[in-house]
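Below you'll find the structure, written out as C-alpha cells, and then a few comments.
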Amino acid sequence: MAKASSPPSFDTIRYEVAEAIATVTLDRPESLNALTVTLKQELLAAFRAIARDRTLRAVVLTGAGRAFCAGQDLKERLQPDAAPLAVELRERYNPIIRAMRALDQPIVGAINGVAAGAGASLAFACDIRLASEQASFRLAFGRIGLVPDSGATWFLPRLVGPAKAAELALLDESLSAVDAERFGLVARVVPADALAGEARAAALRLAGLAPRALALTKRALERSWSVSLDAALDDEAHRQGIAGATQDHQEGIAAFLEKRAPRFRGD
Ligand code: T3D
C-alpha cells in the first residue's frame, strides 16, 4: 500500500488532504485570487506534490471568497522587476497547465465565482468542471491588449466549438454559469452553497474508482482531440491492454460477481 507524504504548506493557496482527495484552494480573496509569482510557484509545487503521492486519488481545485481566479495579478505585472510576458508564460504559467494535464489523478474544478484571464485557463485545464450559479467565465485578455494564453486558445475551441470560442476570445464576452453549461464548458451548475459538497462528492466517487484506468482514460480523451478514429481505435486497444493487466481489473470483475463494492488499490 502506498504511503501518504505529509502535506506541503503554502502562503497563497490552501492545500488540504482528506479521504484520498487533495483540495487546492487559491487563497487571495482580497484580489479575487489573482495570480502572483508566489501563487503560481505554490500552485505548481502543489500539483507536483500530488503527482508524487500515490495515496491521492482525486483533486478539487477551487477559489476562496467570491471568485475562482481573476488571472494574472495586474498590480504585480506593473512592478519594475516583473518578468517579460513570454518568459512569465514559458516559466510559470505553462508548467502549471502542463502539470495539471499530466496528472494521473483527475481534477474536479469547483468554479465558485468569476474565472478570468489565466484563471479561466486554469478552469479549462480541469478534467471536470462544476460551476456555482454565481460563476462566470471571461477571457479578459483582449481588454488589456493581450492574447488568450495558458492554453485558452487550445482548450476553448475544443470545449465550446470554434464559433463560440471566437466570440469569447475576440469580443471578450462574459459567459454566465448557465450559458457555460449550455455550451458544454461546465458539466453542471449547482447552487452556490451546494458547490463544495457536489465537488467533494464527485471527487470521492473518482477516488473509489481504479486509478490506473482513470489515468489511462484521461490520456485517451485528450489524445482523441488530435487523432483520427483509426488511430483512436488503436490507442484504445493499447490502453485496454494495460488496464486489463491490472489487479484492479481482476478486483472489479470479482466484486461484480460477488455483488459487493470493489476495493481498488491502484495495482
Ligand atoms: O504575466 C502576464 O501578465 C501574462 C499572463 C497573463 C494572464 C492573464 O491572466 S491576463 C488577464 C488578467 N486579468 C484580468 O484582466 C482581469 C482583471 N479583473 C477584472 O476584470 C475584474 O476584476 C473581474 C471581471 C474579474 C471581476 O470584477 P468585479 O467587478 O467583480 O471585481 P473588481 O471590483 O474589479 O475587483 C475586486 C478587487 O480585486 C479589486 O481590488 P480593490 O480595488 O478593491 O482593492 C481589484 O483591483 C482586484 N482584482 C481583480 N482582478 C485583479 C485584481 N487585482 C489584481 N489583478 C487582477 N487580475
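The values are calculated or read from the model by the stated rules, or taken from the named source; none is laboratory data. No experiment lies behind these values; they were computed from the predicted model shown. Methodologically, a virtual Cβ is constructed for each residue, glycine included, from the backbone with ideal geometry; neighbour enumeration extends over all protein chains shown. Remember, those area values only see protein heavy atoms, side chains included, never the ligands or the DNA or RNA. Shrake-Rupley method; radii C 1.70, N 1.55, O 1.52, S 1.80 Å.
Over region 86-133, the pair-distance histogram of Cα-Cα distances with 10 Å bins from zero comes to 25, 51, 22, 2 percent, rounded to whole numbers.
Computed over protein heavy atoms with a 1.4 Å probe, the carbon and sulfur contribution to the accessible area of the chain reaches 55%. Taking the alpha carbon gyration tensor of region 15-105, multiplying each eigenvalue by 5 and rooting it gives semi-axes of 25, 16, 9 Å, largest first.
For the residue pairs Lys40/Lys164; Lys40/Lys218; Lys75/Lys164, alpha carbon separations beyond 27 Å are given by Lys40/Lys164; Lys75/Lys164. I'd like the FRET efficiency for Val178 and Leu74, computed as 1/(1 + (r/R0)^6) with the beta carbon distance as r and R0 of 45 Å, rounded to 0.05. Calculated value: 0.95. In sequence order, region 191-207 has phi-based couplings of x, 3, 6, 9, 4, 4, x, 5, 5, 5, 4, 5, 5, 4, 5, 4, 5 Hz under the Karplus curve 6.51 cos²θ - 1.76 cosθ + 1.60, θ = phi - 60°, and Gly or Pro positions carry x. Set the Cα radius of gyration of the chain against 2.2 N^0.38 Å, with N its number of residues, and you get 1.03.
The slack between Thr55 and Thr38, meaning 0.36 nm per residue of separation minus the straight C-alpha distance, is 3.5 nm. Using Cα pairs under 8 angstrom and six or more residues apart, how large is the relative contact order of region 30-145, in percent? Taking the mean separation of contacting Cα pairs over the length of region 30-145, I get 31 percent. Hey, how many Å between the Cα centroid of region 204-267 and the Cα centroid of region 1-76? Result: 27 Å between the Cα centres.
For the chain, the dipole from Cβ point charges (+1 on Lys and Arg, -1 on Asp and Glu) about the Cα centre works out to 440 debye, to the nearest 20. Using C-alpha pairs below 8 Å separated by at least 6 residues, the relative contact order for the chain is 16 percent.
In region 1-114, a dipole from Cβ-located charges (positive for Lys and Arg, negative for Asp and Glu) runs towards its positive end, and of Thr23, Ala64, Ala102 it is Ala102 whose Cα lies farthest in that direction. Dipole magnitude for region 1-146: about 320 debye, using +1 per Lys or Arg Cβ and -1 per Asp or Glu Cβ, origin at the Cα centre. Does region 1-58 come out rounded, prolate or oblate, given a ≥ b ≥ c as the square roots of the eigenvalues of its C-alpha gyration tensor, rounded meaning a/c under 1.5 and, failing that, prolate meaning a/b above b/c? The shape class here is prolate. Considering region 171-267, its Cα convex hull presents a mean projected area of 9.3 nm².
Once you place label points 7 Å from the Cα toward the Cβ at Leu171 and Ala192, how far apart are they in nm? In this crude label model, Leu171 to Ala192 measures out at 2.7 nm. Basic side chains Lys and Arg get +1 at the Cβ, acidic Asp and Glu get -1 at the Cβ, and with that the dipole of region 113-203 about its Cα centre reaches some 140 debye. Along the axis of the charge dipole computed for the chain (Cβ charges of +1 for Lys and Arg, -1 for Asp and Glu, origin at the Cα centre), the listed residues Asn33, Ala202, Ala166 are led at the positive end by Ala202.
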